[in-house]
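For reference, the structure discussed in these notes is given below.
The values are calculated or read from the model by the stated rules, or taken from the named source; none is laboratory data. These numbers were taken from a predicted model, which means no experiment stands behind them. Cβ placement follows ideal geometry from the backbone for every residue including glycine, while neighbour counts extend to all protein chains displayed. Ligands, DNA and RNA are excluded from the accessible area calculation, which covers all protein heavy atoms including side chains. Shrake-Rupley method; radii C 1.70, N 1.55, O 1.52, S 1.80 Å.
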Amino acid sequence: MRILSNDDIQQVLTAEECLDTLQTAYGELTRGLGANRPRNHTYFPVEDERYPGFCYRFKSQEGGNVSSGVWALRITSDLAGVETLPSGVQRRRLVPAAPGGRFVGLVTLYSLTTLEPLAILHDSYIQKMRVGATSALGIRELSREDATVAGMFGSGWQAEAHLETLLLVRPGIEEVRVYSPTSEHRETFAKTWSERTGRRIVAVDHPRDAVTGCAIVTCATATMEPCFDGAWLEPGTHVTAITSPDGTATRRELDDTTFDRADRITVLSREQVHHDKQYDILGPVERGRMAFDEIRELGEVLIGAAPGRRSPEDITVFANNTGMGVQFAAVCARALRLAEQRGLGHEVPTDWFLESTSP
């Protein structure tokens, strides 16, 4: 069995690999060639005295698809809570409370044929790239092909992945306007990524500046409250969000106005909408603006079973509303194969994990 660190994975897993692998996985899931258990968060009333207000949280998700040949179980053992920034904005935060000031996030892969555990992988680099690549697939299918200006909320690690994959699927983008509540962060982000991409990445001082005149608006944040006023959206805009209520934390990136103005709403998982009581996505249904059956999944759009954008004037929303075990199966299996080819990681005897009696 092979153990892969984030550094190992980063050497072999590109954004292009993620886009290709996830497109296949979502298509298989839609066609019945994949399976996925809804993501679960369990909060436990145990606190660390060093971090008042932060409690233990265990998160798990699992799934698999035929082409990957594996079943994946992803877990995180977290200390989670909400912090207030100097600007007054609140956001979710995970504390590096493990020994050495680190985090605990692991993916275990099991063979669908021989049953044995194949690998244990660190999850954070894969987490970053699979979210960004999924949002980019939504942008490719639902935004206008002639888009040249985009807005982005967030200037952290998820924003990095979203910017990189955005430019892969919409190479005609000439300018990206970035807003985040800490001016130093957005200025640094804009400077770094302007140099890295050769595009105009511009830090803006007001949320409205990342919406007005932008054909694509991407939210890649850990915020607890909506990033902008949906009344600012112009006809033809595509909006992406990665934060929705998770059944325990009532956080969201998009307001009711954005959802109500949307001509088409696409989600990653309809099942998760009900599992987590994602009231932001359900709002237009409860207000009678559309039927739940009109909200379709990204996989359906990718295989042509559901329409994407119907008109240049449509406002479209893609709610990247959950993490999925099938994502980790597909992407981790690809990373494992590439790492094996290069001899990366550490091997331990698989026999350690096998038993001679029935479980």
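Among residues belonging to the stretch 280-310 that are of a type outside the set (A, V, I, L, M, F, W, C) and within 15 Å of GLN23 (Cβ to Cβ), point out the one that is modelled with the lowest pLDDT.
Top of the filtered list is GLY308.
Within the stretch 30-45, is there a residue that is aliphatic (A, V, I, L, M), out of contact with any Leu (no Cβ under 8 Å at 6 or more places or on another chain) and outside any loop (DSSP other than H, G, I, E, B)?
For the stretch 30-45, residues aliphatic (A, V, I, L, M), out of contact with any Leu (no Cβ under 8 Å at 6 or more places or on another chain) and outside any loop (DSSP other than H, G, I, E, B): absent.
Can you tell me which of ALA291, ALA262 is touching a strand residue (DSSP E or B) at 6+ places or on another chain (Cβ under 6 Å), among the hydrophobic types (A, V, I, L, M, F, W, C) and either closer than 26 Å to LEU29 by Cα or free of Cβ contacts under 8 Å to residues at least 40 places away in the same chain (or both)?
It is ALA262.
Go over the candidates ARG31, ARG2, ARG37 one by one and state the one that is open to solvent by less than 40 Å² (accessible area, probe 1.4 Å), among the basic types (Lys, Arg) and either under 16 Å from THR322 (Cβ atoms) or in contact (Cβ under 8 Å) with a residue 60 or more places away in the chain (or both).
ARG2
LEU22 - would you say it is modelled with pLDDT of 95 or more, surrounded by 14 or more Cβ atoms within 10 Å (Cβ to Cβ) and in contact with a strand residue (DSSP E or B) (Cβ under 6 Å, 6 or more places away or on another chain)?
Details: modelled with pLDDT of 95 or more: yes; surrounded by 14 or more Cβ atoms within 10 Å (Cβ to Cβ): yes; in contact with a strand residue (DSSP E or B) (Cβ under 6 Å, 6 or more places away or on another chain): no.
In short, no.
Can you pull out the residues in the stretch 55-76 that are surrounded by fewer than 21 Cβ atoms within 10 Å (Cβ to Cβ) and over 21 Å from GLN272 (Cα atoms)?
Correct list: CYS55, TYR56, VAL66, SER67, GLY69.
Any chance you could count how many residues in the stretch 222-254 are under 18 Å from ASP314 (Cα atoms) and either part of a loop (DSSP other than H, G, I, E, B) or not aliphatic (A, V, I, L, M) (or both)?
So the count comes out to 11.
Please pick out the residue among ARG177, ARG186 that is open to solvent by 10 Å² or more (accessible area, probe 1.4 Å), part of a strand (DSSP E or B), closer than 26 Å to ALA15 by Cβ and touching a strand residue (DSSP E or B) at 6+ places or on another chain (Cβ under 8 Å).
The unique qualifying residue is ARG177.
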